[in-house]
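Below: the structure, in structure tokens.
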Amino acid sequence: MALLVLRLASGGCREASRRPVHLQGPLAYQWTRALFTTPSATAMKAQSAEDYWSKNKRLRRPVSPHLTIYKPQITSMLSLSHRFTGLLLSTVISGFSIGMLALPGSYPHYLSLIQSMEFGGVAIYGAKFLLALPFMYHVANGIRHLVWDLGWGFTLRTLYKTGYVVIGISLALSCAVAAM
């Protein structure tokens, strides 16, 4: 590595770029690629930001990433819904907590008020299911993400299988929680 740095500093860059450089170590490929394939600063300054935007406008390219150019797949939909349920849960829990602090009555008072409305069993079960579904989905998909952190489940077949398993488990758990 020290010889490569000395060769580059002494002006032997053209000679070094013609011959393959044999470095050893885990970062050898990244270093050689970075040293010999990055554009020079003057070449990058020559391309102005205006040229970039005018070219993209002329070619009618959307700003990336753009959801309209992607075909919806289970992997992307599960990712979006995981983020959405996380945002929804944090908003609902924060709003409920602030509401309980701001309202004059206590939680048992409002619970008895809802019970006095005498909704039917189907309506109560449906409401409980809709409250439980985002939480159960987020938990099940969060466990899936933890398994990914262990380095397992990145093949396309496994991604689809675990996606359908997450949907099934979240529906089953929501039904069970709503029945309580």
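Does the range 56-77 contain at least one residue that is modelled with pLDDT under 85, assigned to a helix (DSSP H, G or I) and open to solvent by less than 100 Å² (accessible area, probe 1.4 Å)?
The answer is yes; a qualifying residue exists.
Evaluate the following for Leu146: is it out of contact with any Gly (no Cβ under 8 Å at 6 or more places or on another chain) and at pLDDT below 95? Give the steps one after another, and end with the answer.
Details: out of contact with any Gly (no Cβ under 8 Å at 6 or more places or on another chain): yes; at pLDDT below 95: no.
No, not satisfied.
Would you check if there is a residue in the range 134-142 being open to solvent by 80 Å² or more (accessible area, probe 1.4 Å) and within 20 Å of Gln73 (Cβ to Cβ)?
Step one: filter the range 134-142 for residues open to solvent by 80 Å² or more (accessible area, probe 1.4 Å), giving 135.
From what is left, the residues that are within 20 Å of Gln73 (Cβ to Cβ) are none.
For the range 134-142, residues open to solvent by 80 Å² or more (accessible area, probe 1.4 Å) and within 20 Å of Gln73 (Cβ to Cβ): absent.
The values are calculated or read from the model by the stated rules, or taken from the named source; none is laboratory data. Given the structure is predicted, the values throughout are model-derived calculations rather than measurements. In this analysis, Cβ positions are derived from the backbone assuming ideal geometry, glycine residues included, and neighbour counts consider all displayed protein chains. The accessibility values were calculated without ligands, DNA or RNA, using every heavy atom of the protein model including side chains. Shrake-Rupley method; radii C 1.70, N 1.55, O 1.52, S 1.80 Å.
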